[in-house]
Amino acid sequence: LMLESPFDLCILLGLMVAMFILNPALALIVLLFLVASVSFIYGIGRRGWKAQSNAMQGTTDLTARLQEGFSAARTIAIFDAGQGEEQRVQEASRRYAMHMEKTGKVRAVITPFLSFAEYVGVVTVLAIGGWEMLHGALTAGGLVAFMAYMQLAADPVSRFSRVVPRLQNATVAAARLH
């Protein structure tokens, strides 16, 4: 996890330099798409942290309730307090499911957005690059090379989108330890 991000950042920076050398205007468009995508991932991820934190707290509460229930099964049977405990376990389960649903919804938004942004970026670069090619500002080989650089740049961003949930889990787990 920790080795991926610096390596991906170096790859992304190197590709951006190559793209700016090849065609600064197209590189600026790609850079804008990258910044927008990373900002979106980070913004959605921050919203997901609260839901993830609540879900993990729900897991803790549910586990505690179940452990209490198992260890005190005889006491509950003797005093007939099972109904109240069953309701508390059901409520903890319901809260956990609700928070996991919110977390899942946040995560479900990131992947389609990245795919959509990538396609819009490709179409935009192809349209502008094709226009530049028609007017002699860019060769066909230059456009193909630029598109290849762009595809290579999409991989680190995609990996970053997979790192965000891991960071959420690590952040929530670290907060629970304190």
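The values are calculated or read from the model by the stated rules, or taken from the named source; none is laboratory data. Everything numeric in this text was worked out from a predicted model, so none of it was measured. To get the accessible areas, we keep the full protein, side chains included, count just its heavy atoms, and leave off ligands, DNA and RNA. Shrake-Rupley method; radii C 1.70, N 1.55, O 1.52, S 1.80 Å.
What the table below lists for this structure:
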quantity: L138 long-range amide H proximity, modeled H, under 5 Å; calculated: M133
quantity: List E91, E101, ordered by accessible area with a 1.4 Å probe, largest first; calculated: E101, E91
quantity: Note, ³J(HN,Hα) from phi for the range 34-43, Karplus 6.51, -1.76, 1.60, rounded to Hz, x at Gly and Pro; calculated: 5, 4, 4, 5, 5, 4, 5, 4, 5, x
quantity: Probe 1.4 Å, all protein chains present, accessible-area order of I44, I128, largest first; calculated: I128, I44
quantity: By accessible area with a 1.4 Å probe, ligands and nucleic acids excluded, highest first: order of Y96, Y42; calculated: Y42, Y96
quantity: Rounded to whole Hz, the Karplus (6.51, -1.76, 1.60) HN-Hα couplings of the range 137-152, x for glycine and proline; calculated: 7, 8, 8, 4, x, x, 5, 5, 4, 4, 5, 5, 4, 4, 5, 5
